[in-house]
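Trainee: Handing you a structure now.
The values are calculated or read from the model by the stated rules, or taken from the named source; none is laboratory data. Bear in mind the structure is a predicted one, so any value in this text is a computation, not a measurement. What goes into the accessible areas is simple: the full protein's heavy atoms, side chains included, and nothing from ligands, DNA or RNA. Shrake-Rupley method; radii C 1.70, N 1.55, O 1.52, S 1.80 Å.
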Amino acid sequence: QVQLVESGGGLVQPGGSLRLSCVGSGSISTLFIMGWYRQAPGKQRELVASITGSGRTNYADSVKGRFTISRDNAKNAVYVQMNSLKPEDTAVYYCNAKMITLDYWGQGTQVTVSS
């Protein structure tokens, strides 16, 4: 069983930056794709960014050029650096680790972008 714990959310002004961290307990092999999703009020959960064990990344169009996902396999950790934040980035951000039929989620961390 894998447990994922996110940290780093908070309130930030438009144009600001935040770095979210997610650390997994248990074994997360490099076969897992790790990612960040977000869910805003009244909207469906959406993929923000993902990264494979070999470092291949994928980003939502809305965050390309502003967010950077990274991963530390030795620490079972995944990060997302969020720059140039916009009010529309406001959401609960969830960490995810996925491999075939295994699908683990963190509890979420709130990111609010507001002046």
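Trainee: Ignoring ligands, DNA and RNA, what percent of the 1.4 Å accessible area of region 33-115 is carbon and sulfur?
Mentor: 48 percent
Trainee: If you don't mind, another one. Accessible area per residue for region 1-103 in Å², computed with a 1.4 Å probe and the full protein assembly in place, what is it?
Mentor: Value returned for region 1-103: 53 Å² of accessible area per residue.
Trainee: Turning to a different aspect of this structure: Karplus couplings for region 102-115 from phi (6.51 cos²θ - 1.76 cosθ + 1.60, θ = phi - 60°), rounded to Hz, Gly and Pro as x?
Mentor: 8, 8, 10, 10, x, 7, x, 9, 7, 10, 10, 10, 7, 8
Trainee: Residues with amide H under 5 Å of Gly108's amide H, sequence separation 5 or more or different chain, H placed in the peptide plane at 1.01 Å from N; which?
Mentor: Sorted by chain and number, the residues that satisfy this are Glu6, Cys95.
Trainee: Turning to a different aspect of this structure: Tally the DSSP beta bridges in the chain and give the antiparallel ones as a percent, rounded to 5.
Mentor: 90 percent
Trainee: So who's got an amide H within less than 5 Å of the one on Thr90, skipping anything under 5 residues away but keeping other chains? H placed 1.01 Å off N, in plane.
Mentor: Val113
Trainee: Read phi for every residue in region 50-56 and hand back ³J(HN,Hα) as whole Hz from Karplus 6.51 cos²θ - 1.76 cosθ + 1.60, θ = phi - 60°, with x for Gly and Pro.
Mentor: Whole-Hz 3J(HN,Hα) from phi for region 50-56: 9, 8, 7, x, 8, x, 6.
Trainee: Another question about this same structure. For region 33-47, in order, what is each residue's ³J(HN,Hα) by Karplus, 6.51 cos²θ - 1.76 cosθ + 1.60 with θ = phi - 60°, in whole Hz (x at glycine and Pro)?
Mentor: 8, 10, x, 10, 10, 9, 9, 8, x, x, 10, 6, 5, 10, 6
Trainee: Show the residues, 5+ positions off or on another chain, whose built amide H is closer than 5 Å to the amide H of Phe67.
Mentor: Hits under the 5 Å cutoff: Asn83.
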